[in-house]
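What follows is a short report on a single structure.
The values are calculated or read from the model by the stated rules, or taken from the named source; none is laboratory data. Values in this document were obtained by computation on a predicted structure and should not be read as measured data. As a convention, Cβ positions derive from the backbone with ideal geometry for all residues, glycine included, and neighbour counts pool all protein chains shown. Calculation scope for accessible area: heavy atoms of the full protein, side chains included, ligands and nucleic acids excluded. Shrake-Rupley method; radii C 1.70, N 1.55, O 1.52, S 1.80 Å.
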Amino acid sequence: MAYDFEAQTAIVTGAASGIGRATAEQFAAGGANVVVTDVDTEGGAETVERIEAAGGTATFVETDVSDADDVEAMVQEAVAAYGGVDVAVNNAGIEGETEPLADLSEDAFDRVLDVNLKGLWLCMKHELPELVAGDGGAIVNVSSIAGLVSAGGAPYVASKHGVIGLTRVAATQYAGDDVRVNAVCPGVIDTPMVDRAGEADPESIDQFVGMQPLGRKGTPEEVASAIVWLCSGEASFVTGNAYPVDGGYLAQ
């Protein structure tokens with residue numbers, strides 16, 4: 001289902017592949033001007049090409065979300081290109097190391113938190129003033145089922161729990177400005193990140209898939225559909241929530 005985002009501008013971080021790419025494409029299909037951002041310049045350019053080939057409008061901005069200057073420039077480029085920001089999807093993230101907690105290096109822990117949590121905070125820090133100035137809008141932050149349970153490496157789990165916490169704080173603080181902020185919590189989705197994890201530990205991925213009652217990996221498009229709905233007018237009374245898109249994993 002395509003929602004109406006005509007004349008709106010959407011920022012999607014981590015949009016070079018997977019959930020981010022599928023989300024960017026669905027926004028574009030609804031008429032949005034899409035700002036595609038990622039550290040992967042080749043994949044980001046390919047996302048823009050796919051959107052334009054389908055008749056949509058998009059531009060790529062290379063962005064490391066852990067770098068404050070990069071994030072500020074990303075938002076300002078969106079404003080310069082399209083006049084403002086109406087919706088934002090903060091999807092960029094990394095999986096990190098999976099060693100036992102006490103065996104992790106400080107650098108390994110910091111790297112995941114810098115991208116997944118501090119990076120998401122930086123994005124909202126610069127996105128929120130633009131949404132407020134534009135009389136409201138919506139943000140969706142991509143967490144994980146690891147943000148609701150302890151499935152995964154310690155830095156990843158900690159960061160994804162933090163994403164939900166930041167989402168709820170932002171939702172309450174900016175509700176009066178007509179800005180809605182929600183999170184989605186994907187299960188095992190058929191993305192490059194899951195592919196990398198599967199190469200490192202195939203049995204673990206198979207086990208997680210087996211714990212999803214629907215019995216398969218989800219698709220990026222299925223998660224994107226939830227994200228786009230949360231950003232649409234159809235979800236106008238929804239804020240501060242963390243929505244699982246997990247094939248039933250958390251229902252057990």
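Remarks
- 5 angstrom amide H check on VAL181, placed H, neighbours 5+ away: ILE139, GLY240
- Remark: C-alpha extents of the chain on the principal axes read 47, 37, 36 Å, sorted largest to smallest.
- The THR57 and ASP107 beta-carbon pair, evaluated with R₀ = 41 Å, returns a calculated FRET efficiency of approximately 0.55.
- Packing, as the average of other Cβ atoms within 10 Å across residues, places the peptides 89-100, 135-146 in the order 135-146, 89-100, highest first.
- Judged by the gyration tensor of its Cα atoms, with axes a ≥ b ≥ c, the range 4-90 is oblate; a/c meets the 1.5 cut and b/c is at least as large as a/b.
- Across the range 178-252, the mean sequence separation of Cα contacts (distance under 8 Å, 6 or more residues apart), normalised by length, yields a relative contact order of 52 percent.
- Over the chain: helical MRE at 222 nm, DSSP H runs n ≥ 4 each giving -39500 (n - 2.57), nearest 500: -14000 deg cm²/dmol
- Centre separation in Å (Cα based) which lies between the range 92-154 and the range 16-41: 19
- Across the range 107-115, computed HN-Hα scalar couplings (Karplus, 6.51 cos²θ - 1.76 cosθ + 1.60, θ = phi - 60°) run 4, 5, 5, 4, 4, 5, 5, 4, 7 Hz from first to last residue, x flagging Gly and Pro.
- Counting DSSP beta bridges with both ends in the range 1-157, the antiparallel % (nearest 5): 0
- Helix 220-231 and the longest principal axis of the C-alpha atoms of the chain enclose an angle of approximately 50°.
- With contacts taken as Cα pairs under 8 Å at a separation of at least 6 residues, the range 114-252 carries a relative contact order of 28 percent.
- Fraction of accessible area attributable to carbon and sulfur, the chain (%, probe 1.4 Å): 49
- Largest first, the residues PHE5, PHE208 sort by 1.4 Å accessible area into PHE208, PHE5.
- Contact order normalised by residue count of the chain, Cα under 8 Å, 6+ apart, percent: 19
- Kirkwood Rh and Cα Rg combined as Rg over Rh, evaluated for the range 36-135: 1.05
- Summing Lys and Arg as +1 and Asp and Glu as -1 over all other residues whose Cβ lies under 10 Å from the Cβ of ASP40 gives a net charge of -4.
- Net charge in the neighbourhood of VAL132 (other residues with Cβ under 13 Å of its Cβ; Lys, Arg +1, Asp, Glu -1) is -4.
- Net charge of Cβ neighbours under 11 Å - reference ILE189; Lys, Arg +1; Asp, Glu -1: -3
- In Å², nearest 10: area of MET211 left accessible to a 1.4 Å probe: 70
- log10 of Debye I(q)/I(0), alpha-carbon scatterers only, for the range 121-182 at 0.12, 0.24 Å⁻¹: -0.32, -0.90
- Legend: residues LYS118, LYS160, sorted from most to least accessible area (1.4 Å probe; ligands, DNA and RNA excluded), read LYS118, LYS160.
- The mean accessible area for residues of the range 1-70, using a 1.4 Å probe and ignoring ligands and nucleic acids, is 41 Å² per residue.
- Counting only heavy atoms of the protein chains and using a 1.4 Å probe, TRP121 has close to 120 Å² of accessible surface.
- In the range 134-219, the C-alpha radius of gyration followed by the widest Cα-Cα span (Dmax) gives 15.5, 48 angstrom.
- LEU214 accessible area, assembled protein chains, probe 1.4 Å, Å²: 120
- Only the Cβ atoms of Lys and Arg (+1) and of Asp and Glu (-1) were treated as charged; on that basis the dipole of the chain about its Cα centre amounts to roughly 920 debye.
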